[in-house]
C-alpha cells in the first residue's frame, strides 16, 4: 500500500534520511515511510523524531522497491511525503 502512496505523491516526496530529518524539522511532512530492511541505526532517528512530532510512520518491506516507487535506481531507506 505505501509503495503506491509514494509513487502517487512523487512530486511531493523527500528521499533519504538526512533530507527527511531536515524537512521534518522545518515542518510540512504529513507521513514518513521506512523500509524494514534498512539498517536500524539509519532509520531510528527518523522514527524517533516522527514520534515526537506525531507524524505517522508507515513501514514497507524493501528498500529496493521503495526506491523504485520514488523513481530512483537505488534503494531508499526513508522517504517522506510533503503536505
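The values are calculated or read from the model by the stated rules, or taken from the named source; none is laboratory data. The model shown is predicted, which means the values in this text are computed figures rather than measured ones. Here the Cβ positions follow ideal geometry from the backbone for every residue, glycine too, while neighbour counts run over all protein chains shown.
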**OP:** Mind listing whichever residues of the range 44-66 are within 21 Å of residue 10 (Cβ to Cβ) and without any contact (Cβ under 8 Å) to a residue 40 or more places away in the chain?
**Re:** 46, 50, 55, 56, 57, 61, 62, 63, 64
Original post:
Taking interchain pairs and intrachain pairs at least six residues apart, which have beta carbon atoms under 7 angstrom, with the first residue in the range 1-21 and at positive phi and touching a residue at least 60 places away in the same chain (Cβ under 8 Å) and the second assigned to a helix (DSSP H, G or I) and surrounded by 13 or more Cβ atoms within 10 Å (Cβ to Cβ)?
Top reply: none
Original post:
Do we find that residue 6 is modelled with pLDDT of 95 or more and within 10 Å of the chain's Cα centre (by Cα) in this structure?
Top reply: no
